[in-house]
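First the structure, in the form of structure tokens, and then the observations on it.
The values are calculated or read from the model by the stated rules, or taken from the named source; none is laboratory data. Note that the structure is predicted; figures quoted are calculated from it, not measured. Note: ideal-geometry Cβ built from the backbone for every residue, glycine included; neighbour counts use all protein chains shown.
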Amino acid sequence: MFENIENIDEWVKNGKSVALARVIKTWGSSPRPVGSVMLVNEDKKMLGSVSGGCVEGAVVKKAIELIESKKALRLSYGVSDEDAWSVGLSCGGSIQVYLQYIDFSKDELWKQLLQNSRQNKSSILVSTLEDGQNKNTLINQDGTILGNDLPEEVKKYAWKAYDERTHKTITHNDVEYFIHVFPRKNLLLIIGAAHITVDLVSLANQFGFETVVIDPRGYFAKNTTFPDPPSQLLEAYPSEVLDQFPLDAYTFCAILSHDPKIDDNALEILLPSKVGYIGALGSKKNHLKRTNRLLEKGISQDLIDKISAPIGMSINAKTAKEIALAILAQIIEAKNRNL
């Protein structure tokens, strides 16, 4: 949804009423995953997709009806084998869509959701799945809440979904809720301004990551040329700056300096954290040495096992560009694991 903020702002500026459709459940080979979003305005203009073209027409028709009532409705659709082929699937499936009227111009909850995105802050949207009710709760990154209050158990489920990088439907006290995570931009922390770093930054930028390079070695930090620069380049030891960044499931870390003083300095902080991925450059032999050093520093084997080493997917990579591609592929696999 946030890829379309400029379009949404234009709709709001022109006073357009809007309906929000979200995929909340899927069965079989559904064309779009849970959490997929489509926005429809009163002129039948669409942003996003819930099925890749199979049921959009039916959803738009219901959306126009629903805008008039300003309520909410749960819809179920089957995707036939024939329609599935049209969106690149080998067989059909079915989806459940939650459709609701929203007001981006006046409702503080929806205004805050957009504002969080503009400020690169995470949000968790929890909707009560009752036809006609249109009850929503927004949990902000700092834990503050807008909208309807929630049972404590549902709040715990919401934060668990955030940590697991997933959207889910849950039932609590016979009430169904859809937990929809709207995370901040994914962050890639790269330790070491090595030659691979240049290509990794360029690739990660293309895939929408915020990229930060950390290296205390002035020669490397100052003299590495980035045709496509990172968001930040910090000349510091990791321990001096890592506390400036959210070390959660939406942060990914590539350890590339090949200098134990720098790499281990980062790993001592990153391994106990909740970061979504840690990969470290080096051979199996060097990783064994790394493991022994970390064990001597009191870090448990369970935590050390979080390190992907040698870093990157096995594609027989040789050049810096190929190694960077292997690393980013492994990061993307980790990022999408629960989706």
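Tabulated results
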| item | result |
| --- | --- |
| All positions within the range 218-240 that are crowded, with 17+ Cβ neighbours inside 10 Å and either of a type in the set (A, V, I, L, M) or more than 23 Å from Ser273 (Cβ to Cβ) (or both) | Phe220, Ala221, Thr224, Leu233, Leu234 |
| Residues of the range 243-259 that turn out to be surrounded by fewer than 18 Cβ atoms within 10 Å (Cβ to Cβ) and closer than 14 Å to Ala309 by Cα, as a count | 1 |
| Scope the range 112-129; condition under 23 Å from Lys13 (Cβ atoms) and either of a type in the set (Ser, Thr, Tyr) or surrounded by fewer than 16 Cβ atoms within 10 Å (Cβ to Cβ) (or both); matching residues | Gln115, Ser117, Arg118, Gln119, Asn120, Ser123 |
| Tally of residues being under 27 Å from Asn338 (Cα atoms) and modelled with pLDDT of 90 or more across the range 12-47 | 13 |
| Among the candidates Val213, Val181, residue that is touching a helix residue (DSSP H, G or I) at 6+ places or on another chain (Cβ under 7 Å), of a type in the set (A, V, I, L, M, F, W, C) and in contact (Cβ under 8 Å) with a residue 60 or more places away in the chain | Val181 |
| Pairs where the first residue, in the range 222-251, is in the same structural domain as Glu164 (by TED's automatic domain parsing) and the second is part of a strand (DSSP E or B), C-beta under 7 Å, 6+ apart | none |
| Members of the range 193-220 found to be closer than 11 Å to Leu233 by Cα and charged (D, E, K, R), listed by number | Asp215 |
| Filter result for Asp263 (touching a strand residue (DSSP E or B) at 6+ places or on another chain (Cβ under 6 Å), charged (D, E, K, R) and at pLDDT 95 or above) | yes |
| Condition broken by Lys289, with the remaining ones in (1) part of a helix (DSSP H, G or I); (2) within 25 Å of Lys185 (Cα to Cα) satisfied | (2) |
| Segments classed as strands (runs of 3 or more DSSP E), wholly inside the range 128-199, with at least 2 members that are hydrophobic (A, V, I, L, M, F, W, C) | 135-140, 145-147, 175-182, 187-191 |
| Options Ile331, Ile327, Ile304; residue that is free of Cβ contacts under 8 Å to residues at least 60 places away in the same chain and either surrounded by 16 or more Cβ atoms within 10 Å (Cβ to Cβ) or within 30 Å of Pro31 (Cβ to Cβ) (or both) | Ile304 |
| Qualifying position, being among the β-branched types (Val, Ile, Thr), in the same structural domain as Leu99 (by TED's automatic domain parsing) and in a loop (DSSP other than H, G, I, E, B), among Val50, Val12 | Val50 |
| Single unsatisfied condition, Ser202 versus (1) modelled with pLDDT of 95 or more; (2) more than 30 Å from Lys318 (Cα to Cα) | (2) |
| Evaluation of Pro151 against (1) farther than 23 Å from Asp248 by Cα; (2) at pLDDT below 95; (3) not assigned by TED's automatic domain parsing to the domain that holds Asp263 (one fails), failing number | (2) |
| Subset of the range 48-59 that is hydrophobic (A, V, I, L, M, F, W, C) and crowded, with 18+ Cβ neighbours inside 10 Å - its residue that is modelled with the lowest pLDDT | Cys54 |
| Residue count for the range 184-211, restricted to those that are closer than 25 Å to Thr166 by Cβ, of a type in the set (Gly, Ala, Ser) and buried (at least 24 other Cβ atoms within 10 Å of the Cβ) | 1 |
